[in-house]
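As structure tokens, the structure follows; a few thoughts come after it.
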Ligand code: ADP
Ligand code: MG
């Protein structure tokens, strides 16, 4: 097999796959028989109305919420149902939560350094000597997330958008194979949104990315693949064009499929 063929094969390799996945809260199915897959290096958006089960799906992947039925495989053979939250992180699944998790009183650079280390106690790290390769990794991440000029800025003084990028950078310091983000552009200015989209495009060269998002303009601009959830189930998936033309998607978003005025919002 040529190098190119090998590369293509690698790109198509599925990193995460769910089969017939269900999450039940009491008698209520938040997710029901959900099939999903994402290959290496894909930027995949999950959309759907409020309560569709999007956040619950991310919770199920990272082990925060118990899966009731079905399968969830990572990297081919790893059974995520058997792992605890910290083990799932260790396997290479990183998640940026909506609630901020930066250290507000430390500098941007120190935040990245802490995120890189397994030992999460602040003091041993701040007083230990940093190695040259670690320093290089931090510099690279500062460049990637656009915070090079803010490396010594105290994190709490960053703008809302900058804090979000720092958090993404902190998750990336663990070098995940799969990155998950839930509504990453919420509260951002238009300029920050654009920069976030550009950042996601850069990050997909390093890992697969699942983004839950409801801003359709953003999804249309940056999505490679879109999955639409509704009532805990898969409604359809495909490219944004395919999804937009799907009649069931239009019905769900609009109530009436002949309502073409609002169809533009999708
Ligand atoms: P989305 O992120 O698509 O808006 P969620 O995944 O947050 O939707 O929620 C899906 C459904 O599951 C909703 O009806 C929600 O009320 C319900 N749900 C989510 N978490 C819990 C929970 N811990 N206990 C009971 N019901 C829940
Ligand atoms: Mg949600």
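All conditions in (1) over 21 Å from residue 220 (Cβ atoms); (2) buried (at least 20 other Cβ atoms within 10 Å of the Cβ); (3) under 14 Å from the mean Cα position of the chain (by Cα) hold for residue 40, with the sole exception of (2). With respect to the conditions (1) within 16 Å of ligand 1 (Cβ to nearest atom); (2) touching a helix residue (DSSP H, G or I) at 6+ places or on another chain (Cβ under 7 Å); (3) closer than 30 Å to residue 142 by Cα, residue 44 falls short on a single one, namely (2).
The set of residues in region 17-27 that are touching a helix residue (DSSP H, G or I) at 6+ places or on another chain (Cβ under 9 Å) and either within 22 Å of residue 219 (Cα to Cα) or surrounded by fewer than 16 Cβ atoms within 10 Å (Cβ to Cβ) (or both) contains only 25. When residue 172 is tested against (1) within 17 Å of residue 45 (Cβ to Cβ); (2) at pLDDT 95 or above, just one condition goes unmet, and that condition is (1).
Only one of 30, 60 is within 11 Å of ligand 1 (Cβ to nearest atom), part of a strand (DSSP E or B) and either over 18 Å from the mean Cα position of the chain (by Cα) or surrounded by 15 or more Cβ atoms within 10 Å (Cβ to Cβ) (or both). Can you tell me which? So the residue among 30, 60 that is within 11 Å of ligand 1 (Cβ to nearest atom), part of a strand (DSSP E or B) and either over 18 Å from the mean Cα position of the chain (by Cα) or surrounded by 15 or more Cβ atoms within 10 Å (Cβ to Cβ) (or both) is 30. From the list 73, 82, 117, 66, the lone residue that is more than 16 Å from ligand 2 (Cβ to nearest atom), closer than 30 Å to residue 149 by Cα and surrounded by fewer than 18 Cβ atoms within 10 Å (Cβ to Cβ) is 117. Quick check: anything in region 67-74 closer than 14 Å to residue 180 by Cα and within 10 Å of ligand 1 (Cβ to nearest atom)? Scanning region 67-74 turns up no residue that is closer than 14 Å to residue 180 by Cα and within 10 Å of ligand 1 (Cβ to nearest atom).
The values are calculated or read from the model by the stated rules, or taken from the named source; none is laboratory data. Quick caveat: nothing in here was measured; it's all calculated off a predicted structure. Here the Cβ is made from the backbone with ideal geometry for all residues, glycine too, and neighbour counts use every protein chain on show.
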